[in-house]
Amino acid sequence: MAQIAWLGKKSPFCGNVSYGLTTTELLRERGHQTHFIHFDNPRSPERSTTSLLANDPDVSLPYLVKSQVYTIPSPGAQRELRDSLERIRPDVVHASLTLSPLDFRLPDLCQQLKVPLVATFHPPFDAGLRNLTAGTQQLTYQLYAPALARYDRVIVFSQLQADVLVRLGVPRDRLAVIPNGVDQTRWTPPTPGNETLLNKQVRQRVGSDRVFLYMGRIATEKNVEALLRAWRLVQPHGCRLVIVGDGPLCSTLQNSFSAEDVLWWGHEPDLATRVALLQCAEVFVLPSLVEGLSLALLEAMACGAACVATDAGADGEVLAGGAGIVLSTQGVTTQLRTLLPVLRDQPVLTAELGRRARERVMERYTIERNIDAIERLYGELVTPDRIAA
């Protein structure tokens, strides 16, 4: 079994970045030894140095600035990273790229240490460059492409994303398409007549109307305003829009779109409650302008919700062929204004779409398939004599 050093942002709830705690824990269950290296402020002597990962050593790299988008390390972070890797002596380094200057130095560092280097590259994108946000994200891809060409392997979430990087000069044989995966035993459709107490509590709060749900950040790139505008125009009788999440635009949009048929749930940190919310939802809507591969979308599909998403990133690819309804990132409000009445009036259609969504997840997007593919990738890079050493 391989000894793996994981580099990335550390968070109990990783959002769209699936390569974090969950994946690492599952690799441990399969016998791999893991070490988690992440950016954190220096610890005081009184603080524990163990990680959240079943007593794995936890290496904390100091930083100057850290945000949802990028990380600026402290001057000594590169030295600390090198020292940690020399001490750990991993068989492979797997970096979930954090938009940090260290991302560009890792190839040289790992070549010096003679350690294979894998990256998971997950910034959102819209290959069509159909809006300003997409253009900004494309600059990230252009900036990273020369460095990614020097990694031993780069994991991307879809063939579309791989094609974008190939056009920017990354050799195709360095790219591995490994989609996100979800735990299909946790994210499941509701069981009729056997609701848990939590399901009942969530249903009581959202009300008895049919639930249309958005779950994610309330930010420009998520385009939640387009959904809210369409909802206000249609005002679908007997339905309620539930907005789950927080972000920089939350207060502004909540003030502008306050109505009886819109419930602003707020940020929901509890996993079981998020599952219950998706199990209450008849329709899940993701109106994003840019995406990678939305984990929230896969979770909604696994829970049997009828899914509507734009073709940003890989989301259109996930729903293609009848697993959901795919919108263009252009004119989202207009498209939803036409679609919402159809979904309101056709519960048989939404039920069938929910069944197909769950079926698609079972075919392509389970966490087991994800881990199997990662293990095969490691096997291509890590020689038996290195593991034995």
Residues of segment 62-86 with the amide nitrogen closer than 12 Å to a label point 7 Å from the Cα of residue 40, along Cα-to-Cβ, please. 62
What residue among 126, 152, 209 has the largest mean-square fluctuation in a Gaussian network model of the chain, using Cα springs under 10 Å? 209
Between residue 263 and residues 5 or more places away or on another chain, the pairs with built amide H atoms under 5 Å apart involve 241, 242, 243
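Which percent of the accessible area of the chain is formed by carbon and sulfur heavy atoms (probe 1.4 angstrom)? Kindly include the intermediate steps, with their values, before the conclusion.
Working: 8710 of 17010 Å².
Roughly 51 percent, rounded to a whole number.
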Hey, with R₀ at 25 Å, roughly what FRET efficiency would residue 99 and residue 368 work out to, going by the Cβ-Cβ distance, to 0.05? 0.25
Nearest-ten-degree value, helix 332-345 long axis tilted from longest Cα axis of the chain: 60
Heavy-atom accessible area of residue 66 with all protein chains present, probe 1.4 Å, nearest 10 Å²? 90
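Cα-based count: Lys pairs in the chain below 22 Å, eight or more positions apart or different chains?
4
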Label-point gap, in nm, between residue 351 and residue 251 - each point 7 angstrom along Cα→Cβ: 4.5
Given charges at Cβ of Lys, Arg, Asp, Glu: the chain dipole, positive-most of 265, 142, 119: 142
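I'd like to check one number: the per residue accessible area of the chain, probe 1.4 Å, reported in Å² as a whole number. Walk me through the numbers on the way to the answer.
On the way: 17010 Å² over 389 residues.
The answer is 44 Å² per residue.
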Helix-derived [θ] at 222 nm for the chain: sum -39500 (n - 2.57) over DSSP H runs of at least 4, divide by residue count, nearest 500? -12500 deg cm²/dmol
What ranking of 163, 345 comes out by heavy-atom accessible area, probe 1.4 Å, highest first? 345, 163
Apply the Karplus parameterisation 6.51 cos²θ - 1.76 cosθ + 1.60, with θ equal to phi minus 60°, to every residue of segment 276-286 and state each ³J(HN,Hα) to the nearest whole Hz, in sequence, with x for glycine and proline. 4, 4, 5, 5, 7, 7, 7, 9, 10, 10, 10
In the list [x] 65, 48, 40; [y] 65, 45, 39; [z] 80, 60, 43, the entry giving Cα extents along the principal axes in Å computed from the coordinates is [y]
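Using a 1.4 angstrom probe on the protein heavy atoms only, line up 80, 282 by accessible area, largest first. Provide the component values of the computation, followed by the final result.
Numbers: 80 80, 282 45 Å².
Correct descending sequence by accessible area is 80, 282.
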I want to verify a result. In a Gaussian network model of the chain, Cα cutoff 10 Å, which of these has the top mean-square fluctuation: 87, 364, 240? 87
May I ask you to evaluate 6.51 cos²θ - 1.76 cosθ + 1.60, the Karplus curve with θ = phi - 60°, for each residue of segment 203-214 and list the ³J(HN,Hα) values in order in whole Hz, giving x for glycine and proline? 4, 4, 6, 7, x, 8, 5, 5, 9, 9, 10, 10
Probe 1.4 Å - accessible area at residue 185, Å² to nearest ten: 100
The extension gain from residue 65 to residue 267, computed as 0.36 nm times the residue separation minus the Cα-Cα distance, is 70.4 nm
When the solvent-accessible surface of protein heavy atoms is calculated with a 1.4 angstrom probe, in what order do 144, 70 fall, highest first? 70, 144
R0 = 25 Å: FRET efficiency of residue 260 with residue 186, Cβ-based, nearest 0.05? 0.15
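Expressed in nm to one decimal, what extension gain is obtained for the pair residue 30 and residue 200 from 0.36 nm per residue of sequence separation less their Cα-Cα distance? List each step's numbers first, then the result.
Working: separation 170, 0.36 × 170 = 61.20 nm, distance 3.62 nm.
Stretched out fully, the residue 30 to residue 200 stretch lengthens by 57.6 nm.
The values are calculated or read from the model by the stated rules, or taken from the named source; none is laboratory data. Every value quoted in this text rests on a predicted model; they were computed, and no experiment measured them. Here the Cβ is made from the backbone with ideal geometry for all residues, glycine too, and neighbour counts use every protein chain on show. Note: accessible area is taken over every heavy atom of the protein model, side chains too, but ligands, DNA and RNA are not part of it. Shrake-Rupley method; radii C 1.70, N 1.55, O 1.52, S 1.80 Å.
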